[in-house]
Amino acid sequence: QVQLVESGGGSVQAGGSLTLSCAASGSIFSVNDMGWYRQPIGRLRELVATIAKGGITNYGDAVKGRFTISRDNAKNTVYLQMNDLKPEDTAVYLCNAGIEPGRWASELDYWGRGTQVTVSA
């Protein structure tokens, strides 16, 4: 079984910073693209950032210049450094990864359970 476990969420004031982490564990042969998405209450899930195994990154327009995604391939872990947080960043942040669970297995899409980030004005 493969699991993605997020940590690092919490409550901050506007202008503050938080760092999220997401570690993949279990039966893993290869972790490919990793990323973060978020879902505010009552709204659709949206892209925050993704990072390929080789390090190429992609960001949602709302977070460009404020958030930085990175990964540690040896630890199967992805990070999200969030700076200059705004109330509109309040959401459940979910980790996502494309993982091959075995040498001969196809890539599957995995999601974490999410971590709450709340930014107060």
**Request:** Please give every one of the aspartates and glutamates within straight-line cross-link reach of Lys75, meaning a C-alpha to C-alpha distance under 16 Å, and leave out same-chain neighbours fewer than 8 residues apart.
**Result:** Glu6, Asp33, Glu100
**With eigenvalues of the C-alpha gyration tensor scaled by 5 and rooted, region 54-121, Å** = 27, 14, 10
**Asked** Got a sec to turn the phi values of region 94-111 into Karplus ³J(HN,Hα) couplings, 6.51 cos²θ - 1.76 cosθ + 1.60 with θ = phi - 60°, whole Hz, x for Gly and Pro?
**Response** 10, 8, 9, 8, x, 10, 8, x, x, 4, 9, 8, 6, 5, 10, 9, 10, 10
**Asked** Once phi is turned into θ = phi - 60°, what whole-Hz ³J(HN,Hα) does the Karplus curve with 6.51, -1.76 and 1.60 give for every residue of region 13-18, x standing for Gly and Pro?
**Response** 8, 4, x, x, 9, 9
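Quick check for me: using +1 on Lys/Arg Cβ and -1 on Asp/Glu Cβ, what's the dipole size of the chain about its Cα centre, in debye to the nearest 20?
On the way: 11 positive and 11 negative charges, 18 e Å.
Around 80 debye, computed over the chain.
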**Asked** Heavy-atom accessible area per residue, the chain, 1.4 Å probe: how many Å²?
**Response** 54
**Asked** Carbon and sulfur together cover what percent of the accessible area of the chain at a 1.4 Å probe radius?
**Response** 49
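The values are calculated or read from the model by the stated rules, or taken from the named source; none is laboratory data. Bear in mind the structure is a predicted one, so any value in this text is a computation, not a measurement. Glycine gets a Cβ as well: all are built from the backbone with ideal geometry, and neighbour counts include every protein chain shown. The protein model used for the area step is the full one, side chains on, heavy atoms only, and it has no ligands, DNA or RNA in it. Shrake-Rupley method; radii C 1.70, N 1.55, O 1.52, S 1.80 Å.
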